[in-house]
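Throughout, read-outs are computed from the coordinates displayed, never taken from laboratory work. Keep in mind that this is a model prediction, so the values were computed, not measured. Every residue, glycine as well, gets a Cβ built from its backbone with ideal geometry; the counts of neighbours run over all protein chains shown.
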Amino acid sequence: MKNNISAVFVLVGSVIGVGLFLSLCMLAYGHLNVYMSRLSGQAAYAHSESERKVLVSQAEAELESAKLRAEAIKIVGEMAKQYPEYREQEFIGAFGDALKSDHIDQIIYVPTEANIPIIEKRK
C-alpha cells in the first residue's frame, strides 16, 4: 500500500512537473515572440530611417546643384550683357566643336545686314 501511495505521489508529481514545464515553455515562447517582434520593428525602423537620410542627402545635393547652376546662368547672362561679343564667340566655339566632331555635313552662307538676309544681287 505504501508503494502504491509512493507511486501515486511520483505520478502526480511527474504530471505536475511536466505541466509546470509546459506552462513555462508556453510563457517563454510568448515572451520570445514579443521580443522578436520588437526587434523586427526596430530593424524596420532603422532601415526606413537610413533610407530617409539617403533621400534627404540626395535632395540637399540636388538643391545645391540647382543653386550653382542658377548662379552660373546668372554670371553668363551678366557677361553677355557686358560683352555682346561673348555670345558670338560662344557660337563660334560651338560651331568649331561641331565641325571637328563631324556633326555638320554642309555649310550654307547667307549674307545678312542687321540680321536680315540680303536677297538682292549687288554689283
Among the listed residues Ile16, Ile5, which satisfies the condition of being part of a helix (DSSP H, G or I) and exposed (fewer than 10 other Cβ atoms within 10 Å of the Cβ)? Ile5
Mind checking whether some residue in segment 48-63 is within 30 Å of Tyr86 (Cβ to Cβ), of a type outside the set (A, V, I, L, M), free of Cβ contacts under 8 Å to residues at least 24 places away in the same chain and out of contact with any His (no Cβ under 8 Å at 6 or more places or on another chain)? yes
